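All remarks here apply to the structure that follows.
The values are calculated or read from the model by the stated rules, or taken from the named source; none is laboratory data. Remember, it's a predicted structure, so these values are computed and weren't measured experimentally. No Cβ is skipped: glycine too gets one built from the backbone with ideal geometry, and neighbour counts run over all protein chains shown.
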Amino acid sequence: MTFLKRAAPACALIFSLLATTAIAQPAPSAEAQREWPQVDQERPWIYRGSDIPPDTEWTFGELSNGVRYAVRFNEVPQEQLSVRVRVDAGSLHEQDSERGFAHLIEHLVFRQSRYLKEGETIPRWQELGATFGSDTNAETTPTHTVYKLDVPGIDVAKADETFRLLSGMIEAPTLSESGVRTEVPIVLAERRERGGAGKRAADATRETYFAGMGLAERSPIGTVETLEAANQKSVRAFYKRWYRPENTVISVAGDLDPAVMVQLLEKHFGDWDAKGEPVPAPDFGAPTPGPDARAAAGALAPVDKLTVLHEPDLPVSISYTIMRPWEKVADTIVYNEGLLTDQLAMSIINRRLENKARAGGSFLAAQIGQDDVSRSADMTFVSITPLGNDWRAALADVRAVIADALTTPPSEAEITRELNEFENAFSIGVETQAVQQATDLADNVVQAVDIRETVAAPDTVLNVLRSMKGKVTPAIVQDHTRALFTGSVLRGVMNVPDVASGDEAAFRAAMLAPVEADASARLEDKQVSFADLPAIGTPGTVTSVAPIGVLEIETVKLSNGVNALVWQSDAEPGRVSVRVRFGEGYEAFGKDDAPYISLGEFALMGTGMGELSQDDLDQISNGRKMGLDFSIEDSEFVFGAETRAADLEDQLYLFAAKLSDPRWDANPVLRAKAALEMGYDSYATSPNGVMSRDLEQILRGGDPRFATPTPEELKKTDMAGFRKVWEPILASGPVQVEIFGDIQRDEALAALSRTFGALAPREEASADINLSKEPAPTSTPIVLTHRGDADQAAAVIGWPTGAGREGVRVSRQLEILAQIFNNRLFDAMRERLGASYAPNVGSRWPLDRKDGGMILAMAQLTPDAVPAFFEESRKIAADLAAAPPSGEEISRVTEPLRQLISRASSGNGFWLRELAGTANDPNRALAVRTILNDYSSTSPEAMQALAQAFLLNDKSFEVAIVPEGYKLP
């Protein structure tokens, strides 16, 4: 069983409890949850050697050939089956000549297998309703390969077909010479797209941390040399060695009787018979001090290998780790109590580091963490982002905070504060366990197997926490802190702009320098309570309540002009979503406001409200489920939070107070300013970075409000300017509140009246002119340059379409057309040319603007392939206009879209998104009624007509991102 100490992807339990799912579904009925008995089993295989109470919702078993499985019923979402097949074969299982083979086989499994001919796999899964890339996917890590399928519209027949096809993929992939030759260029394209300064830094970090161990040289992506040398014989040899029943675990969760799942697993995987004797897993190695390792005075681990990078486009950064050998543990309750105490100790230190950073220290951010990495090492990590180039001061300050934790126990108040956060998180897991998604549940088992631990029900997790709370003392926390910083070696990596800024000798001297404990970052035991805060104003009254005609959702009008959309729904027990929409969004800004727009996105909520500073906000929400999200949309600003009924009124208070009594603390803005300045140069390190920096402004016709501010522009900003831009925005424009979820309607209306109903009447918003316009057609591409690898490029081509709510059906039909385009471009660029790992086509249709819609196609590729991308894209556009797509092409798109909407529409998030703004504009509800038909019903002639109307090559625009100095043909 795993706790907060695990970092993704190693976490098998707690992170799934903490996660807020994007699409949640209704809770299953009591009858639906348990219509069958749990299989009688002495001790399920995953719990052997553990005293963790088994999660009885799971049925665990083993086939006679050694395949292990875990299955459970789950209706979130309804009529979906989530299947995960984990094979104990990752990059650490490769020999020197096989680097990259585990990942290559992942690709080849999807290419051709026993029941699926060349090119049939993706279309067949699409016919079954699965969306490629989200519902059908796979991953390769150093320790495993996992095949992931989420099949909608499930019934016994479709489940039978799913397991049949999947068994053929796992047991009998073709792995032909032609398949290898076709797939290697695609894998190399994927490898290329990951290149640049970021990859160099990641590789250097891995090689430094795991020096002398297998992981140092075993990146899953492999090497160019070994991949180009791959052939049918060598790939099949790797497959034969590791793809065996005893190395395979199948995890299934979904809307099907578990007994049927077991029968189908036995039917399709039970006769898998691997040839030859099993091969033992290789030794992954252990961290061992090198000849130059030396311990600083009083240090708990000797300083060993250190690496200094000089990547001027990346921010100055320091990371180091204290390493211990990985050991398989007995996953017991006592062990997990120890993990929780470790996490408690780290949370206390992290809060102190954050406190010091907020106060304007020498570092922008710093954090510690712990993870058992790839069953290779038990590691405590320290990461630091210095403020500016004075990395020595930042390193010394962080080490001083850690030294304080090592030498002096924490206070009882600090312990209580962090335990409150843990209990809140685990309680939420219990409250919302009925809507745990099948995908997460299936993943949890895979992750637990990977780290050789167990899974546990949310109630068990909470009980373990509560059982250990009374045992934790300051002295025990200090002991765990010292254990976390004790190890075989300390290894580190630093990036600075140039040699003059620092080298390995300087880094080593700083790591070995004596450090004096700094207790100044310890937080005050300050009590902050909502009960002590002033009221927003005189409570308003509800003047009208009316149904919108969709489900039981109601519009609510308050006496001060605030409108609300309220839905009491038990679809997601324990969850309440809140959105507050106000003002005019991007239209509220002037043409010179871009730096303040970016600063506001990062810092506006942190500047506080009323009497509450950022630290006070942390304190007042301790042990509560509250949020302070903020976003800017075309025509409105949005506050957002995921909360629960018990915390709803206080959550509404914070949002209302931000509008009525904003605070203007400078430090959050200064910190955001420093972060934006430091990160700017890193955009230039890859085509993708340049695209993130510049593309949106191009797509907005050069609108300066969508520009990424430069460091020079940011340096000119100040707090007075920030307040000048944002204060009138918070004070003006209509307000609408949306509350969806597990609430008591009358209590929610009363809370609205006391908070948003108490706001003073607001001024009319003063919107600037709409500066955005369509991109102009281009006769030659707009060329941007990057400073990354010379073999990296990106290309974008777009065709203007339309915008506005009156064209909602057209916008949805265009999404079908875009996905048909995407399938054709995928085949052309990835399959035929091997030129791009993942070309993508999508449609955007702004609902609150008069223009700005477009179909966009983009890809990452080599510079020389950019013209071919444009040529192929224009050809596809012309072909779609010249001749209608086939019915089969359309069904490959519409069936996954239909299934996606059917699954999503069972949860609150779907309705919250689709009905956004309905409180002020009830007509928006009308468009929701046709959404399923609009996305899933069309004709070849309708698609051709849309292509003829919008895919006009003389209206298209092109953007190419190429290396500096490269001349586009």
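Any residue at all in segment 293-309 that's assigned by TED's automatic domain parsing to the domain that holds D390, hydroxyl-bearing (S, T, Y) and buried (at least 20 other Cβ atoms within 10 Å of the Cβ)?
no
Give the residues of segment 30-60 that are assigned to a loop (DSSP other than H, G, I, E, B), touching a Phe, Trp or Tyr at 6+ places or on another chain (Cβ under 8 Å) and modelled with pLDDT of 75 or more, sorted by residue number.
Matches in segment 30-60: P44, P54, E57.
Yes or no: segment 385-393 includes at least one residue that is buried (at least 22 other Cβ atoms within 10 Å of the Cβ), outside the structural domain of N667 (by TED's automatic domain parsing) and of a type outside the set (A, V, I, L, M).
yes
Select, from G798, G834, the only residue that is surrounded by 18 or more Cβ atoms within 10 Å (Cβ to Cβ) and either part of a loop (DSSP other than H, G, I, E, B) or modelled with pLDDT under 95 (or both).
None of the other options fit; the residue is G834.
Which ranges mark the helices (runs of 4 or more DSSP H) fully within segment 873-969 that have 2 or more residues being in contact with a Pro (Cβ under 9 Å, 6 or more places away or on another chain)?
Per the criteria, 887-904, 940-950.
Could you check segment 574-606 and list, in sequence order, the residues that are outside any helix (DSSP H, G or I) and over 26 Å from the mean Cα position of the chain (by Cα)?
Scanning segment 574-606 gives F582, G583, E584, F589, G590, K591, D592, D593.
Filter segment 155-208 down to residues that are within 27 Å of P245 (Cα to Cα), assigned to a helix (DSSP H, G or I) and charged (D, E, K, R), then give me how many there are.
Qualifying residue count for the region: 7.
Of all residues being out of contact with any strand residue (DSSP E or B) (no Cβ under 9 Å at 6 or more places or on another chain) and of a type in the set (D, E) in segment 121-160, which is modelled with the lowest pLDDT? Just the residue, please.
Restricting to residues being out of contact with any strand residue (DSSP E or B) (no Cβ under 9 Å at 6 or more places or on another chain) and of a type in the set (D, E), the top hit is E127.
Out of all the residues in segment 784-791, is one or more surrounded by fewer than 18 Cβ atoms within 10 Å (Cβ to Cβ), hydroxyl-bearing (S, T, Y) and in a strand (DSSP E or B)?
yes
Hand me the list of helices (runs of 4 or more DSSP H) wholly inside segment 643-760 holding 3 or more residues that are small (G, A, S) and under 17 Å from L628 (Cα atoms).
648-660
Being over 30 Å from G909 (Cα atoms) and either not assigned by TED's automatic domain parsing to the domain that holds E193 or not aromatic (F, W, Y) (or both) narrows it down to one of P687, P662, so name that one.
P687
Quick test for you: out of R417, R352, pick the one residue that is surrounded by fewer than 22 Cβ atoms within 10 Å (Cβ to Cβ), touching a residue at least 12 places away in the same chain (Cβ under 8 Å), at negative phi and in a helix (DSSP H, G or I).
R417
What are the pairs with Cβ atoms under 8 angstrom where one residue, in segment 597-622, is under 19 Å from A731 (Cα atoms) and the other, located anywhere, is polar (S, T, N, Q) and in a strand (DSSP E or B)? Sequence gap at least six, or different chains.
E601/S631
Kindly provide the set of residues from segment 652-673 that are of a type in the set (G, A, S) and surrounded by 18 or more Cβ atoms within 10 Å (Cβ to Cβ), ordered by number.
If the condition is that a residue be of a type in the set (G, A, S) and surrounded by 18 or more Cβ atoms within 10 Å (Cβ to Cβ), then A656, A657, S660, A672 are the ones that fit.
Go through segment 889-944 and count every residue that is over 13 Å from R812 (Cβ atoms) and either polar (S, T, N, Q) or more than 25 Å from the chain's Cα centre (by Cα) (or both).
Residues that pass the stated criteria total 24.
If only one of A357, A330 is of a type in the set (A, V, I, L, M, F, W, C), out of contact with any strand residue (DSSP E or B) (no Cβ under 8 Å at 6 or more places or on another chain), under 26 Å from V477 (Cβ atoms) and not in a strand (DSSP E or B), which one is it?
None of the other options fit; the residue is A330.
Looking at R375 and the list (1) modelled with pLDDT of 95 or more; (2) on the phi < 0 side of the Ramachandran plot, which single condition is not satisfied?
The single condition R375 does not satisfy is (2).
Before we move on, is R522 among the basic types (K, R), touching a residue at least 12 places away in the same chain (Cβ under 8 Å), touching a strand residue (DSSP E or B) at 6+ places or on another chain (Cβ under 9 Å) and under 27 Å from Q367 (Cβ atoms)?
no
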